[in-house]
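What follows is calculated from the coordinates using simple rules that are stated; it is not laboratory data. Just so it is clear, the model here is predicted, and its values are computed rather than measured. No Cβ is skipped: glycine too gets one built from the backbone with ideal geometry, and neighbour counts run over all protein chains shown.
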Amino acid sequence: MDAHLHWQRHQQIIRYAGLIVNIIISAVANILQPLYVKEPYHTSALSGEAWVLELLCGHPDRIRTELGVSIEVFNALIQELQDIGHVSSRYVSLEEQLAIFLYICVTGLTIRHVGERFQRSNDTVSRSVRAQNSQDHF
């Protein structure tokens with residue numbers, strides 16, 4: 001009888017060990033999943049570039065409301081930025097970079113919120129702000 005009881009306890013320990021291993025594997029898989037399964041975050045139909053073009057081509061009061069400047073001032077700022085060497089980046093036009101900078105100035109929103117408006121990563125928004133504050137280009 002002792003051998004049978006010992007065998008049952010051994011089997012129970014093995015089952016518990018298997019359960020613990022399964023829990024650990026599930027927890028690790030849940031932690032690591034976002035690193036391997038990429039789900040798009042910015043999925044709005046209107047990209048930042050499209051929104052900026054809408055502001056530039058739309059009602060003149062709209063750009064003033066959203067970016068705090070008239071279309072004439074916006075165009076003068078673009079010209080001035082070009083004159084001192086700022087250019088469009090590989091993925092973000094100079095107009096969108098300036099719009100990101102002005103939008104942050106007008107709204108006071110966080111980079112994360114501005115990223116949502118422009119459908120850009122936090123890093124891209126941050127670089128746009130830095131580029132407008134210095135001679136950095138991205």
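Quick notes
- Most tightly packed first, judged by the mean number of other beta-carbon atoms within 10 Å of their residues, the peptides 73-83, 6-16, 87-97 read 87-97, 73-83, 6-16.
- Max mean-square fluctuation residue, GNM over the chain, Cα-Cα springs under 10 Å, options L102, L56, L32: L32
- Rg/Rg_globular for segment 48-133, with Rg_globular taken as 2.2 N^0.38 Å and Rg from C-alpha atoms: 0.99
- The slack in the chain from R9 to I25, taken as 0.36 nm per residue of separation less the alpha-carbon distance, amounts to 3.3 nm.
- For the chain, the dipole from Cβ point charges (+1 on Lys and Arg, -1 on Asp and Glu) about the Cα centre works out to 740 debye, to the nearest 20.
- Counted charge near I63, where neighbours are those whose Cβ lies closer than 14 Å (Asp, Glu -1; Lys, Arg +1): -4
- Debye, to nearest 20: dipole size of segment 1-69, +1 on Lys, Arg Cβ, -1 on Asp, Glu Cβ: 360 debye
- Charge dipole (the chain, unit charges on Cβ, about Cα centre) - positive-most of A27, Q119, H59: A27
- Normalised by the number of residues in the chain, the mean separation of alpha-carbon contacts (under 8 Å, six or more apart) gives a relative contact order of 22 percent.
- Taking 0.36 nm per residue of sequence separation and removing the Cα-Cα distance, the N75/V106 pair yields an extension gain of 9.4 nm.
- Packing-based ranking of 104-113, 118-127, 62-71 yields 118-127, 62-71, 104-113, ordered from highest to lowest mean Cβ neighbour count within 10 Å.
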